[in-house]
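Taking it in order: structure first as structure tokens, then the write-up.
The values are calculated or read from the model by the stated rules, or taken from the named source; none is laboratory data. This structure is a prediction, so every number in the text was calculated from the model and none was measured. Glycine gets a Cβ as well: all are built from the backbone with ideal geometry, and neighbour counts include every protein chain shown. The protein model used for the area step is the full one, side chains on, heavy atoms only, and it has no ligands, DNA or RNA in it. Shrake-Rupley method; radii C 1.70, N 1.55, O 1.52, S 1.80 Å.
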Amino acid sequence: MDMLNIALPKGRLGEKVYDMFESAGFGCPSIREPGRKLIFENEETGVRYFWAKPSDVAIYVERGAADIGVAGKDILLEYSPDVYELLDLNIGKCRMAVAAPAGFRDDRRKTLKVATKFTNIASNYYNSLGRDIDIVHLNGSIEIAPILGLTDVIVDIVETGATLRENNLEVIETIVPISARLIANKSGFRFKSESIEKLVNKLSEKAEIRQ
Ligand code: PRP
């Protein structure tokens, strides 16, 4: 039988995602063993899992190295990979937002300086508002940019809001809600449709419970 290759996002979200796959009947017990291994197979359930960096999952799926995978809606909006989005798993819920130092007021006569990892999401958003911006692309710890005067605002993911609060920043606008999505390679979806559909049906039951 052809194995189903599944790219999981390494980290906290990935653990939750694997729990869902396991409870849907696609378990792979060796994945729970401690160690640095990244690829795990279970011939009985016909799955091969591997841990990828969350922002790389869509690359594996788009190029067919993985048949399916789980990626945040943030990554899908930012990189627009050519994949099928099959299901909202209703986990990893957060939002993409604009945040600024408490009390910030936008002066629309000036170009707005924006720090973000998500340059496409930020420019699409401000384009839709007709607002002129200057984007500074950063790779992490975005919150410090307005504090140090590098930019006026940030566009970033807000989950609990703790990082913003502890750095005296506040949300000005929510751009879009985010959650984890099941994605599939377009040709893999045709060739392995039976096992993928079975997985999607089982996972959608689990995802509904979490709504
Ligand atoms: C993300 C995001 C925020 C934080 C939001 O950062 O960029 O900094 O989580 O979560 P909160 O609202 O619950 O505080 P991440 O931990 O991924 O690290 P990063 O700084 O490298 O982006």
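Here are a few things to note about the model shown:
- Verdict on ILE121 being part of a loop (DSSP other than H, G, I, E, B), in contact (Cβ under 8 Å) with a residue 24 or more places away in the chain and either farther than 19 Å from ILE75 by Cβ or open to solvent by less than 50 Å² (accessible area, probe 1.4 Å) (or both): no
- Within region 56-65, the set of residues being small (Gly, Ala, Ser) and either within 14 Å of PHE189 (Cα to Cα) or free of Cβ contacts under 8 Å to residues at least 24 places away in the same chain (or both) comprises GLY64, ALA65.
- Selected residue (only one of ASP134, ASP106 is assigned to a strand (DSSP E or B), more than 22 Å from ILE59 (Cα to Cα) and more than 14 Å from the ligand (Cβ to nearest atom)): ASP134
Matching residues to (1) closer than 25 Å to GLU205 by Cβ; (2) at pLDDT below 95; (3) within 22 Å of the chain's Cα centre (by Cα):
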| residue | (1), (2), (3) |
| --- | --- |
| ASN5 | yes, no, yes |
| ARG32 | yes, yes, no |
| GLY35 | no, yes, no |
| ASP67 | yes, no, yes |
| GLU78 | no, no, yes |
| VAL83 | yes, no, yes |
| ALA97 | no, no, yes |
| PHE104 | no, no, no |
| LYS113 | no, no, no |
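- Positions within region 130-147 being free of Cβ contacts under 8 Å to residues at least 12 places away in the same chain and under 16 Å from LEU112 (Cα atoms), in sequence order: GLY130
- Within region 2-42, the residues that satisfy the criterion of being of a type outside the set (Gly, Ala, Ser), part of a loop (DSSP other than H, G, I, E, B) and within 17 Å of VAL70 (Cβ to Cβ) are LYS10, PHE26, CYS28, LEU38.
- Test: residue in region 83-90 that is among the hydroxyl-bearing types (Ser, Thr, Tyr) and open to solvent by 40 Å² or more (accessible area, probe 1.4 Å): yes
- Positions within region 137-153 being within 16 Å of the ligand (Cβ to nearest atom), open to solvent by less than 80 Å² (accessible area, probe 1.4 Å) and not polar (S, T, N, Q), in sequence order: LEU138, GLY140, ILE142, GLU143, ALA145, PRO146, VAL153
- If you go through region 172-199 and keep only what is open to solvent by 30 Å² or more (accessible area, probe 1.4 Å) and under 20 Å from the mean Cα position of the chain (by Cα), you end up with GLU173, THR174, ILE175, VAL176, PRO177, ARG181, LYS186.
- The set of residues in region 69-82 that are farther than 30 Å from ASP134 by Cα and open to solvent by 20 Å² or more (accessible area, probe 1.4 Å) is empty.
- Some residue of region 50-62 being under 18 Å from the mean Cα position of the chain (by Cα), in a loop (DSSP other than H, G, I, E, B) and of a type outside the set (Lys, Arg): no
- Single match in ALA100, ALA66 (criterion: under 22 Å from THR160 (Cα atoms) and open to solvent by less than 20 Å² (accessible area, probe 1.4 Å)): ALA100
- Pairing each residue of region 75-101 that is acidic (Asp, Glu) with any residue that is in a loop (DSSP other than H, G, I, E, B) and at pLDDT below 95, provided the two are 6+ apart or on different chains, yields C-beta distances under 9 Å for ASP88/GLN211.
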